[in-house]
Amino acid sequence: MRSVALRVRRGVLQTFRRFHPDREIVEAEFDGRFYLRAHPDVARAGLDPVEHFLVSGWREGRDPNRDFSVREYLEANPDVAEAGMNPFVHYLRAGRTEGRSPRQDLGFRYEILAKLTTMDARMAEAAKASAAVRASPPAQLARALATSRAGLKGLHITFSHDDYSVNLGGVQLCVQREAAAVARAGRDHLHLFPAKPWPALRVREPALLGVVWNGEPVGFYSAAAVAEALTGRAAGGSFAIHSLLGHSVKETLLVLGAAGLKRGFFWLHDFASLCAGFHLLRNDVEDCAAPPPESAACGVCIYGPWRARHLAEHARLFRQLDLTVVSPSQPTLDLWRSSGSFRTKGEVVAPHARLVARGPAPAGRAGRPLKVAFVGLPAAHKGWPVFRELVLRFADDRRYEFHHFGAQAAAGLPVAFHAVSANGYEAKAMQKALAAAQVDVALIWPLCRETFSFTAHEAVAAGAAILTHPDSGNVAAFVEAGGHGRVLAGEEALAAAFETGDIEGLARARRGAKLYDLEFSALTMDLISPDHVASGAGA
């Protein structure tokens, strides 16, 4: 039966090759090796790459070679899209002679700008999503609080932009570690987050708050309902604001007032206290360094009209509370100081993690390609398009081997993908994966200024060197201070270093790579004194 099936299969393929009208013209410029490397599912299935592309691949947005983009061609040529034509076939038969481009040559920043939406539209979308959330019964929250570890004495309240117990990311990991330290201290932890994501602070926009109680989600409530549940019950305690995106300052003050808390901690995980564009990226493509709100630079940015409101609300928060500002790095605190004018109780630098030397790293097999990795989410603001261009340009260069380590793969690129994500329960998962693969170089190339880069620390701990640029914030400072790699002038310098082979000087064997352990902080719990918990007012 197996031999019969194989003969039938071969017969189908031969028929396809013989009669498909587009096969011959496509096959002449189709890069089968590229296609199979970019789409390992096709390779694993043993399919003919040309056949796959002609039948279904182009409909799935899979590119036939590195020089042609199915998606970009269809976006630039709506007549082809409306006709339902295979874009590569159209290009080869007519588009090329008509002067149509096989792909956009304006760069990924142009693509971001082309898809940019206004803050008004983003806020309207968030309001619509929030309006669909139904409030949980107040009795449900009361029952949860009744399971208190300590009778609500020494309650610790945290605020962030989402539910840290179900989402992954840097801020979420921080709150997870803080929550674990609260539990070890035998105290209660109340975490509040907007029921649906918002791109900025709320002022008059109504929304419910999600509640996580001692690590367990317990529903969605109005700020008034949360305040009522706490009134007269909390005795002493502490609080930390990790992010106010999606929160209302008025509601935040209401909840903290009900708990009898005024003195707490405000973390600089991003720059949301300086601008609604919390990455400080003008129109999501260019670092702006938080210029004065009245500057011309703010006038041409989508976040400009919202910045005054954002700053005013944060100023109100700092006036009403006694907040100690905590920064995970000195460069972050320096920029925040120079661009803001908030009244603080104090300022402190408290890194999320530190390196502890462990010994030399394995040198790797002599003569093998330089292993270059992208670590984390394949997002534009994290520098994924820069890595993508490197891969497309040097994928066939035997000097290099490209890898991606993360929770989410990006299709259509000839890289080795390693599914891995760090969380509060397997904190060193990324470090271990990078070390096991003996990665030589990690590209940490964010468009925005990182306040603290876990991926950079994880890569160095695993024995890799870092490639970054001067505007990467804490990443550049970390690399320069520790000699952990190179800070290159920009994307042209990066490409030139690969072209000349100069980058091979970062190979493990050449630079004598070292391994480190990562010691993680307990965030706010490392800063709280016993007196603070007892009084609920001291820091």
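Computed quantities for the displayed model
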{"read-out": "In Å², nearest 10: area of Lys514 left accessible to a 1.4 Å probe", "value": "120 Å²"}
{"read-out": "Protection-proxy order for peptides 409-415, 439-445, 93-99, each taking the mean of Cβ atoms within 10 Å per residue, highest first", "value": "439-445, 409-415, 93-99"}
{"read-out": "For His403, distant residues with modelled amide H under 5 Å away", "value": "Val372, Ala373, Phe374, Ala416"}
{"read-out": "Largest to smallest accessible area among Glu347, Glu216, Glu82 [probe 1.4 Å]", "value": "Glu82, Glu216, Glu347"}
{"read-out": "Under 13 Å from the Glu205 label point (7 Å along Cα→beta-carbon), backbone N, segment 118-154", "value": "118-132"}
{"read-out": "Order by protection proxy (mean Cβ within 10 Å, highest first), peptides 35-45, 173-183", "value": "173-183, 35-45"}
{"read-out": "Overall Cα dimensions of the chain, principal axis frame, Å, largest first", "value": "82, 61, 54"}
{"read-out": "Backbone HN-Hα couplings from phi across segment 101-117 [Karplus 6.51/-1.76/1.60, Hz, Gly and Pro as x]", "value": "7, x, 6, 5, 10, 9, x, 5, 5, 4, 4, 4, 4, 5, 9, 5, 10"}
{"read-out": "Nearest-10 value in Å² for the accessible area of Val348, using the 1.4 Å probe", "value": "50 Å²"}
{"read-out": "Of Lys153/Lys262; Lys128/Lys382; Lys115/Lys382; Lys250/Lys382; Lys196/Lys432; Lys153/Lys345, pairs whose Cα-Cα distance is over 22 Å", "value": "Lys128/Lys382; Lys250/Lys382; Lys196/Lys432; Lys153/Lys345"}
{"read-out": "Convex hull volume per residue in cubic angstrom - Cα atoms of segment 184-278", "value": "110 Å³"}
{"read-out": "Label zone at Gln140 (point 7 Å along Cα-to-Cβ), backbone N below 18 Å, segment 198-217", "value": "207-217"}
{"read-out": "Inter-site label distance for Ala379 and Val356 at 7 Å from Cα along Cβ, in nm", "value": "3.1 nm"}
{"read-out": "The chain, accessible area per residue, ligands and nucleic acids excluded (1.4 Å, Å²)", "value": "44 Å²"}
{"read-out": "Ranking by accessible area, most exposed first, for Lys250, Lys262 with a 1.4 Å probe", "value": "Lys250, Lys262"}
{"read-out": "Hits among aspartates and glutamates - C-alpha to C-alpha of Lys514 under 12 Å, sequence gap 8 or more where chains match", "value": "Asp440"}
{"read-out": "Pairwise label distance in nanometres, Asp517 with Asp105, each label 7 Å out on the Cα-Cβ vector", "value": "5.5 nm"}
{"read-out": "Cβ-derived FRET efficiency at R0 22 Å, Ala481 paired with Asp502, nearest 0.05", "value": "0.45"}
{"read-out": "Extension gain, Asn167 back to Ala509 (0.36 nm per residue minus Cα-Cα distance, nm)", "value": "119.3 nm"}
{"read-out": "Long-range HN-HN contacts of Ala465 with modeled amide H, under 5 Å", "value": "Val441, Ala442"}
{"read-out": "Residue-span extension gain [Ala419 to Lys128] - 0.36 nm each, minus C-alpha spacing", "value": "101.3 nm"}
{"read-out": "Percentage relative contact order, segment 273-363, counting C-alpha pairs under 8 Å, at least six apart", "value": "26 percent"}
{"read-out": "Carbon + sulfur, % of accessible area of the chain - ligands and nucleic acids excluded, 1.4 Å", "value": "53 percent"}
{"read-out": "Cβ-derived FRET efficiency at R0 41 Å, Ala297 paired with Ala366, nearest 0.05", "value": "0.20"}
{"read-out": "Extended-chain gain in nm, criterion 0.36 nm per residue less alpha-carbon gap, Lys345 and Glu286", "value": "18.0 nm"}
{"read-out": "Separation of the Ala495 and Ala121 label points, Cα + 7 Å toward Cβ, nm", "value": "3.0 nm"}
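The values are calculated or read from the model by the stated rules, or taken from the named source; none is laboratory data. Quick caveat, the model's predicted, so the values are computed rather than measured. Positions of Cβ are backbone-derived with ideal geometry, glycine not excepted, and every protein chain shown enters the neighbour counts. Heads up: the accessible areas ignore ligands, DNA and RNA and are worked out on the full protein's heavy atoms, side chains in. Shrake-Rupley method; radii C 1.70, N 1.55, O 1.52, S 1.80 Å.
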